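A quick write-up on the structure given underneath.
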Amino acid sequence: MKKNNLFTYIFLILMSIVFAFPFYFMIVSATNASVDVTKGSLLPGNQLIENFKNLLSQTDMLVALKNSAIIALSQTALALLISSIAGYAFEIYRSKATDFIFNVILTSMMIPFAALMIPLFRLFGKFSAIHPAIGFNSYASAYLPYIATAFLIFYFRQNTKMFQQELLEAGRIDGLSEIGLFIKIYMPTMKNTYAAAAIITFMSAWNNYLWPLVSLQTNEVKTVPLLLSNLGSSYAPDFGLMMIAILVATIPTIAIFFILQKYFVAGMLGAVK
Amino acid sequence: MNVFQRRKLLGWAFIFIPISLILLFYFYPMIEAFKMSLQSGHGANLEYVGLTNYKRLLSDPVFIESLKNTLIFLLFQVPIMIVLAIFFSVILNNKTLKFKGFFRTIVFLPSVTSLVAYSLIFKYIFSNNGILNQLLLSIHAIEQPILWLAHPFWAKFVIILAITWRWTGYNMIFFLSALQNIDQEIYEAADIDGASAIHQFFKITLPLLKPVVLFTSITSTIGTLQLFDETMNITNGGPGNATLTISQYIYNLSFKYTPDFGYAAAVSYAIVILVIFFSIIQMKVGANNEKK
């Protein structure tokens, strides 16, 4: 390997430029006026604040950020709670029957979303008649289909295999109930697992596009990806504004990634073990 | 009721809610979609028409084109990306390499961007008077701007490039974690035996990575078969229908054209069949290699 090092570094630097260029283009364009972006300027400009003001005055970015935050946080909290209880129970209260059901649940990972979309659309039409809070254009309609997923249950079950069950016996001797064991022993012990699951779930919720496109039709509930997509398909887009919108939309996930990087990598490891 | 029976009952209580939700949001819609695929009509007035929708599929040029496009994306993009991810992971797993953490982060960073956000950036990089054409013109690499998004071949190329940019780092993480689990003594022994680096890669590393290759190629295949966000936002399926995917066609049939849920459901079952077909092939290939 050693003699190849120079070539390795040249290759890696070239590839890094390719991987980083879209980020550079986004950041630089966010500081330029629309006309400079179309001229192909790759140098930073002084329009950052102007673009940001335009973003706030000409689009519903703040509303979209609020909507995305509510949906992504609700989805993450509910998904973590429901999937961790299930992953725990499938491992701790294991029997032949629960194993069979677990395997059936796993097959749902193979179902493509496109096949679910229209029936889900009709299902939420029915929910609308029951209560508007769970029908179309409700926050719940955007996240309910994702709060119990086979992937996350599988992930929690895999990680529960590494959890020391002796701790539960000790808890039982101390007189904790079965629910108490879960809350007071399992949850604190597994906080790394929860953190990694939270990042994965939050990112996929924040970036989700196709189902919110179908389920959230009014402007008051539109999420960030929907707003971006609308901006991008307009006939005469303001490129500076567009790029700062993309930048604002990307900052939350990149920030979360950098803050919780070590859990993220650990979480990915858990998924393949 | 003794303590063990009580615990068993509690176990069922714990999994009751997630099971109900998965039945409601995955299996019920799956069965509904199949029933709908046997029906036809507009809006709520559906009636059973047997296999008519499936017969229509075979003679629908737009469906055939979307199927062709999706398969082209799949057959080019997934192998290119997996090979690239393995390549990066092997280089970036080298202990003596400096700035490893930096390079890993750069390659991984695209996978935390939103699909819509990165699609729009690619759309502007590759637009007719976009930054890439201006750069290529200024260094005289081309005489005329290349119509990246208006040419059927280049539009497909841009989509493949975009997905590769977004997902290579994500897949690399799985390979890196697998590489770190390989015992270094195997390589030391191979060094003593005089095996070259390339020889070691094909005889040691690659066989040990096989389960991860299987995992990443199945998940990538399922993802690519459902491609929607990128083509919708970079090319909107165009030019003509040159980048229309099956998912986007289903969306158009359901929400853009006069809604025809029955036919859209039949098209969606094409994806179901493809997912099952490719997963079985990949698992078969994986299993055969294991026996050797």
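Structure summary
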read-out	value
Residue within the range B:240-248 that is outside any loop (DSSP other than H, G, I, E, B), touching a Ser or Thr at 6+ places or on another chain (Cβ under 6 Å) and farther than 20 Å from residue B:161 by Cβ present	yes
Of residues in the range A:21-57 being under 26 Å from the mean Cα position of the chain (by Cα) and surrounded by fewer than 16 Cβ atoms within 10 Å (Cβ to Cβ), the one nearest to residue B:87 (Cα to Cα)	A:24
Long-range neighbours under 9 Å by Cβ, at least six apart or interchain, first residue under 16 Å from residue A:65 (Cα atoms) within the range A:211-222, second of a type in the set (Val, Ile, Thr) and crowded, with 21+ Cβ neighbours inside 10 Å	A:212/A:71; A:212/A:221; A:212/A:223; A:216/A:71; A:216/A:223; A:221/A:71
Elements of type helices (runs of 4 or more DSSP H) contained in the range A:1-60, each with 2 or more residues being within 30 Å of residue B:97 (Cα to Cα)	A:5-30
Members of the range B:127-156 that are touching a residue at least 24 places away in the same chain (Cβ under 8 Å) and of a type in the set (D, E, K, R)	B:156
Flag if residue A:52 is more than 29 Å from residue A:141 (Cβ to Cβ), facing chain B (nearest Cβ under 8 Å) and not aliphatic (A, V, I, L, M)	no
Helices (runs of 4 or more DSSP H) wholly inside the range A:105-160 containing at least 2 residues that are in contact with a helix residue (DSSP H, G or I) (Cβ under 6 Å, 6 or more places away or on another chain), free of Cβ contacts under 8 Å to residues at least 24 places away in the same chain and closer than 29 Å to residue B:263 by Cβ	A:113-130
Selection count, the range B:41-67, where residues are in a loop (DSSP other than H, G, I, E, B) and open to solvent by 60 Å² or more (accessible area, probe 1.4 Å)	5
Meets criteria (more than 21 Å from residue B:158 (Cα to Cα), facing chain A (nearest Cβ under 10 Å), crowded, with 18+ Cβ neighbours inside 10 Å and under 21 Å from the mean Cα position of the chain (by Cα)) for residue B:216	yes
Criterion: surrounded by fewer than 21 Cβ atoms within 10 Å (Cβ to Cβ), under 25 Å from residue A:45 (Cα atoms) and more than 8 Å from chain B (Cβ to nearest Cβ) - qualifying residue of A:236, A:245	A:236
Residue check for residue B:190: surrounded by 12 or more Cβ atoms within 10 Å (Cβ to Cβ), more than 22 Å from the chain's Cα centre (by Cα), at pLDDT below 95 and assigned to a loop (DSSP other than H, G, I, E, B)	no
Condition met for residue A:136 (under 25 Å from the mean Cα position of the chain (by Cα), within 28 Å of residue A:252 (Cα to Cα), open to solvent by 30 Å² or more (accessible area, probe 1.4 Å) and facing another protein chain (nearest Cβ under 7 Å))	no
Positions within the range A:118-133 being of a type outside the set (Lys, Arg) and either more than 7 Å from chain B (Cβ to nearest Cβ) or loosely packed, with under 15 Cβ neighbours inside 10 Å (or both), in sequence order	A:121, A:124, A:125, A:127, A:128, A:129, A:130, A:131, A:132, A:133
The range B:12-40, residues that are loosely packed, with under 15 Cβ neighbours inside 10 Å and over 17 Å from residue A:102 (Cα atoms)	B:31, B:35
Test: residue A:106 is modelled with pLDDT under 95 and over 30 Å from residue A:178 (Cβ atoms)	no
Meets criteria (open to solvent by less than 20 Å² (accessible area, probe 1.4 Å) and modelled with pLDDT under 90) for residue B:262	no
Selection count where residues are in a helix (DSSP H, G or I), in contact with a helix residue (DSSP H, G or I) (Cβ under 6 Å, 6 or more places away or on another chain) and facing another protein chain (nearest Cβ under 7 Å), scope the range A:89-104	3
Verdict on residue A:146 being within 25 Å of residue A:204 (Cα to Cα), at pLDDT 95 or above, open to solvent by 40 Å² or more (accessible area, probe 1.4 Å) and more than 10 Å from chain B (Cβ to nearest Cβ)	no
Candidates B:235, B:245, B:224, filtered to the one that is surrounded by 15 or more Cβ atoms within 10 Å (Cβ to Cβ) and under 30 Å from residue B:180 (Cβ atoms)	B:224
Leading residue by the ranking (nearest to the other protein chains (Cβ to nearest Cβ)) among those in the range A:175-203 that are on the phi < 0 side of the Ramachandran plot and not in a helix (DSSP H, G or I)	A:177
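To keep it simple, each residue is scored yes or no on (1) under 20 Å from residue A:257 (Cβ atoms); (2) out of contact with any Gly (no Cβ under 8 Å at 6 or more places or on another chain); (3) within 11 Å of chain A (Cβ to nearest Cβ).
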position	(1), (2), (3)
B:103	yes, yes, yes
B:140	no, yes, no
B:170	yes, yes, yes
B:176	yes, yes, yes
B:201	no, yes, yes
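To keep it simple, each residue is scored yes or no on (1) at pLDDT 90 or above; (2) over 30 Å from residue A:41 (Cβ atoms).
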{"site": "B:98", "(1), (2)": "no, yes"}
{"site": "B:101", "(1), (2)": "no, yes"}
{"site": "B:107", "(1), (2)": "yes, no"}
{"site": "B:112", "(1), (2)": "no, no"}
{"site": "B:116", "(1), (2)": "yes, no"}
{"site": "B:144", "(1), (2)": "no, no"}
{"site": "B:166", "(1), (2)": "yes, no"}
{"site": "B:173", "(1), (2)": "no, yes"}
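The values are calculated or read from the model by the stated rules, or taken from the named source; none is laboratory data. Since the structure is predicted, the reported quantities are computational estimates derived from the model, not experimental observations. Every residue, glycine as well, gets a Cβ built from its backbone with ideal geometry; the counts of neighbours run over all protein chains shown. Note: accessible area is taken over every heavy atom of the protein model, side chains too, but ligands, DNA and RNA are not part of it. Shrake-Rupley method; radii C 1.70, N 1.55, O 1.52, S 1.80 Å.
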